[in-house]
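First the structure, in the form of structure tokens, and then the observations on it.
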Amino acid sequence: MDLLAFARGAAMQWATTIFVVGVLWRLVGILLLRTKPDLSKPRIAGKWKGLRLIALRSWPRKEFLGGAAFTEVMGYVFHIGFLVALFFYLPHILFFTDVFRGLFGVTFKGIFGFAWPTLPGGLIYFASAVSVAALIAVLIHRLVNPVKRLISNFDDYFSWFVTFAPIVTGMLAYSHIGAPYQTLLALHLLSVQLLMIWFPFGKLMHAFTIFAARGSTGMLFERKGATL
Amino acid sequence: MSATRTIGQRLAEEGVSRRAFLKFCTTLASMMALPPSMGPVMAQAIAAKRRPSVIWLPFQECTGCTESITRSGTPTLETLIFDLVSLDYQETIMAAAGHQAEGVLAAAMKENFGKYLLIVDGSVPLIEDGAYSCIGGQSNVAMLKEAARGAAAIICVGTCSSYGGIPKADPNPTQAVPVSAIIKDKPIVNIPGCPPIPVVITGVLAHYLTFGNLPELDPLGRPKAFYGETIHDRCYRRPFYDQGRFAKTFDDEGARSGWCLYELGCKGPTTYNACATVKWNSGTSFPIQSGHGCLGCSEPNFWDKGSFYRPLATANWGNAQTVGAAAGVGVALGAAAAYAARKRQDRFVKEASAPPPATKQEH
């Protein structure tokens, strides 16, 4: 079995299995935790208003803007570039479509009535390059800033690496730089699988928990009468 | 048998002009990615050489590779076997048969020992001492070992002799192996393809005649001049891939407009071959130009890499059952973790609310 066959076969199956097990383990574990009984009287009626925090936390308050703007902007740049490359590049779409059809027996078009649109390869490459630049910028910032360096641990750096590697190997595979395409494609797939395996057990899990966490925090704040 | 006259002398006798021969050599040079100035050099070198003896052994194969070379346009099969090489043994196109043919083979090997080129098409079955494919009562594996002893080099024509090909496909009932799995002490060039491009075969022979050695090879033993780039890299539909324009079915508007066939399972991105540049039938067309995706036939184990019509991007991630089982395990683990956390909380609460242990009062 060559490296690409391994990456497309056994490695992908194991990574998918570990990803699914890990994500559901974490999510169900959190959801079934006992909530602490709050015996105090709510300060403000209508706790659902607290969900506004999901949107409000999307940008720092002006008091903190000076210190947080760089990280925020770079975070948005990275995420937008990453999501564009992930969801609008045809090979990725074909993979997701195949998974979707395999799991639910219907196609994306069968449900939504329109095909999943693709973007030109050049645009995907540009989005990936922007994403990589943003990732490098935030890493340098983390290393240079004494406070951030102090509070950073293995999880931060390893999560950065497993995010960085698939984008870079994907760009190399697209442009055929450094090795035969099959090798680069295999490395790209293996790096994605490393991300999938690490995903549930590190900070990357925020992709599933971030909005729920903000919402529950907002509802708690609202109940206590805090200004959101 | 090998002629004693040089190739140049033979060509002159047969009325082949120097201009025509130069044109042929320049064409070969360009196909091998050599500079145009190498055309005359090749012509001079080839013309001065005697025709090398070539022995072609067919093993576990379908004769498609021979069919391919009979359609060689540059040079034609006739030019190849009469002017460039002395094809001393080739079962499909030779007139002799039976003991007469076997005698020709033995004589060719003896007369040109250490100098002849051995061309092999077809894989070599090993099970039952190679009994699944025999010629003249001799197994392919025995025949290969015997012929390889006196060969200057071995050229594996087709994916079967190069990597095992279709006979080696799962479950490989004959335990088929490529030539390189048996012969370890001779230079081997793989010219894979199912079938391979005829010009690639003649190009390798021309290189051998010109330089006296075999061309530079890639890690899979293929000549880099012809297998240095993927079909995808040189495909005329590549701009549509870059633009994100893909045919969704074989007869939709995209297919009729010549859009990329990636979504229809084309294996061009992972296949190294010269189909997109050299093409077939004297440069007429190649499979993608005819509207069908590349099958990846010049790659090892191409038959076992999933459906030809499944896009490359659709990796074998599993199925609904395995993912469902994984989800079940994940939910169970999560529930167990939450249960354990609750029990721990209860224990802490119980311990915290328990009266402190009585201490002895001192009087």
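In debye, nearest 20, what is the charge dipole magnitude of the stretch A:74-228 about its Cα centre with +1 on Lys and Arg Cβ and -1 on Asp and Glu Cβ, if you could check?
For the stretch A:74-228, the charge dipole is close to 360 debye.
Before anything else, pin down the relative contact order of the stretch B:51-225: Cα pairs under 8 Å, at least 6 apart, normalised by residue count, whole percent.
24 percent
Quick check on the exposure proxy: order B:Tyr132, B:Tyr208 from fewest to most C-beta atoms within 10 angstrom.
B:Tyr132, B:Tyr208
Under the classification rounded if a/c is under 1.5, otherwise prolate if a/b is larger than b/c and oblate if not, where does the stretch A:7-98 fall, given a ≥ b ≥ c as square roots of the Cα gyration tensor eigenvalues?
Because a/c hits 1.5 or more and a/b fails to exceed b/c, the stretch A:7-98 counts as oblate.
Count the DSSP beta bridges whose two residues both fall in the protein assembly as shown, then state the antiparallel fraction as a percent rounded to the nearest 5.
35 percent
Give me the Kirkwood hydrodynamic radius of the stretch A:110-228, using the inverse of the mean 1/r over all pairs of distinct Cα atoms, in Å to one decimal.
Computed over the stretch A:110-228, the radius equals 17.3 Å.
Using modelled backbone amide H atoms (1.01 Å from N, in-plane), which distant-in-sequence or interchain residues come within less than 5 Å of B:Lys267's amide H?
B:Cys294, B:Leu295, B:Gly296
Got a sec? Charge dipole of the stretch A:5-65, +1 on Cβ for Lys and Arg, -1 for Asp and Glu; which of A:Ile30, A:Gly9, A:Trp48 is way out at the positive end?
Checked the options; the winner is A:Trp48.
Please report the relative contact order for chain A, taking Cα pairs under 8 Å with a sequence separation of at least 6, and give it as a percent rounded to a whole number.
Here the relative contact order equals 39 percent.
Indicate, rounded to the nearest 5 percent, the antiparallel portion of the DSSP beta bridges found entirely in chain B.
That works out to approximately 35 percent antiparallel.
Compute the distance from the alpha-carbon center of the stretch A:194-220 to that of the stretch B:101-145, in whole Å.
Result: 65 Å between the Cα centres.
Using only the Cα atoms of the stretch B:231-304, each taken as one equal point scatterer with no solvent, compute I(q) by the Debye sum, divide by I(0), and report log10 of the ratio at q = 0.12, 0.28 Å⁻¹.
Once normalised to I(0) and log-transformed, intensities are -0.29, -1.33.
Where the Cα atoms of the stretch A:154-195 are projected onto their three principal axes, how long is each span, largest first, in whole Å?
32, 15, 11
When you look at the Cβ of every residue in B:238-249, what mean number of other chain Cβ atoms sits within 10 Å?
3
What is the dipole size for the protein assembly as shown, taken about its Cα centre, with +1 at each Lys and Arg Cβ and -1 at each Asp and Glu Cβ, in debye to the nearest 20?
The dipole magnitude comes to about 3140 debye.
Could you work out [θ]222 nm for the protein assembly as shown from helices alone, using -39500 (n - 2.57) per DSSP H run of at least four and dividing by all its residues? Round to the nearest 500 deg cm²/dmol.
Mean residue ellipticity, 222 nm, calculated: -16000 deg cm²/dmol.
Might you report the magnitude of the Cβ-based charge dipole of chain B about its Cα centre, with Lys and Arg at +1 and Asp and Glu at -1, to the nearest 20 debye?
Result for chain B is approximately 920 debye, rounded to the nearest 20.
Which values, in whole Å and largest first, are the semi-axes of the equivalent ellipsoid of the stretch B:151-252 obtained as the square root of 5 times each eigenvalue of the Cα gyration tensor?
So the three semi-axes of the stretch B:151-252 are 30, 21, 10 Å.
Report the equivalent ellipsoid semi-axes for the protein assembly as shown in whole Å, largest first, defined as the square roots of five times the eigenvalues of the gyration tensor built from alpha carbon atoms.
65, 27, 21
Checking understanding here: applying a Kyte-Doolittle mean of at least 0.5 and a length along the axis of at least 24 Å (C-alpha), which whole DSSP H helices in chain A pass?
Length and hydropathy pass: A:10-31, A:65-88, A:121-144, A:154-175, A:181-198.
Can you work out the Karplus-derived ³J(HN,Hα) for every residue in the stretch B:260-271? Use 6.51 cos²θ - 1.76 cosθ + 1.60 with θ = phi - 60°, whole Hz, and x for glycine or proline.
Running phi through 6.51 cos²θ - 1.76 cosθ + 1.60 with θ = phi - 60° gives 4, 9, 3, 5, 9, x, 4, 9, x, x, 10, 10 Hz.
Evaluate chain A: find the radius of gyration of its Cα atoms, find its Kirkwood radius, and give the ratio Rg to Rh.
Rg/Rh for chain A comes to 1.01.
Just to be sure I understand: if I project the alpha-carbon convex hull of the stretch A:37-82 onto a plane and average over all orientations, what area do I get in nm²?
So the mean shadow area of the Cα hull is 5.4 nm².
On average, how many beta carbons from a partner chain sit within 10 Å of the beta carbon of a residue in A:89-101?
Per-residue shielding by partner chains comes out at 5.
Over all directions, what mean area does the Cα convex hull of chain B project, stated in square nanometres?
That works out to 32.7 nm², a quarter of the Cα hull's surface.
Quick one: helix B:320-353 against the long Cα principal axis of chain B, what's the angle to the nearest 10°, folded into 0 to 90?
30 degrees
In which sequence would A:Phe100, A:Phe19 go, from the one with the fewest C-beta neighbours within 10 Å to the one with the most?
Ordered from fewest to most neighbouring Cβ atoms within 10 Å, A:Phe100, A:Phe19 come out as A:Phe100, A:Phe19.
Express the Stokes-Einstein translational diffusion coefficient of the stretch B:51-225 in µm² s⁻¹, to the nearest whole number, given a Kirkwood radius over alpha-carbon pairs, 4 °C and a viscosity of 1.567 mPa s.
Rounded to a whole number, D works out at 81 µm²/s.
Over the stretch B:267-363, what portion of Cα pair distances is larger than 20 Å, expressed as a whole percent?
68 percent
Exposure proxy check: B:Arg342, B:Arg234, B:Arg19 ranked by fewest other beta carbons within 10 Å?
B:Arg19, B:Arg342, B:Arg234
Once you sort the root eigenvalues of the Cα gyration tensor of the stretch A:54-114 as a ≥ b ≥ c, which label holds: rounded (a/c under 1.5), prolate (a/b larger than b/c) or oblate (the other case)?
prolate
Taking the mean number of other Cβ atoms within 10 Å as a proxy for protection, how do you rank A:159-170, B:243-254 from highest to lowest?
A:159-170, B:243-254
Hey, in the GNM for chain A with a 10 angstrom Cα cutoff, which one of A:Asp98, A:Asp155, A:Asp38 fluctuates hardest?
Highest fluctuation of the listed residues: A:Asp38.
Where a number appears in this text, it was derived from the coordinates with a stated rule and is not lab data. Predicted model only: the values in this text are computed from it and were never measured. Note that we place each Cβ from the backbone using ideal geometry, even for glycine, and neighbour counts take in every protein chain shown.
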